[in-house]
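Report on the following structure.
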Amino acid sequence: MKRDIFQAIADPTRRAILVLIASNALTPNTIAEQFNTTRQAVSKHIKILNECELLNETKMGREIYYQLKIDKMKEIDQWLEQFKQIWESRFSQLDQVLMNLKSKENGI
């Protein structure tokens, strides 16, 4: 079952897991040690992130290491970029309105 990536990253615990594994591959036990929850709960979060293809999974001996799949995060960034452009445009318009008001106050 493929899950929705935005639903997956909406959860604060899953976002925290992504931050943890962004630079270093970690085992589920190492990840679980960072949270005040059970290993099983963290495993469920990892499963959801894995189903969304946000994780690279590497087996070394009996251990599994998870690391963030950067390319998948780039897809999210590209989708968000369209909104960033809208926000920047609106902030620029607001800046212009504020500068005009300030100029009127100063009699310029």
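The values are calculated or read from the model by the stated rules, or taken from the named source; none is laboratory data. It should be emphasised that the depicted structure is a prediction, and the values quoted were computed from it without experimental measurement. Cβ placement follows ideal geometry from the backbone for every residue including glycine, while neighbour counts extend to all protein chains displayed. Quick note on the areas: whole protein, heavy atoms, side chains included, nothing else; ligands and nucleic acids left out. Shrake-Rupley method; radii C 1.70, N 1.55, O 1.52, S 1.80 Å.
Inside the stretch 1-59, residues that are of a type in the set (Asp, Glu) and open to solvent by 70 Å² or more (accessible area, probe 1.4 Å) make up a count of 4. Does at least one position in the stretch 49-58 carry a residue that is hydrophobic (A, V, I, L, M, F, W, C) and over 14 Å from MET73 (Cβ atoms)? Scanning the stretch 49-58, I find no residue that is hydrophobic (A, V, I, L, M, F, W, C) and over 14 Å from MET73 (Cβ atoms), so the answer is no. Looking across the stretch 62-108 at every residue that is more than 30 Å from PRO28 (Cα to Cα) and β-branched (Val, Ile, Thr), the one that is surrounded by the fewest Cβ atoms within 10 Å (Cβ to Cβ) is identified as ILE108.
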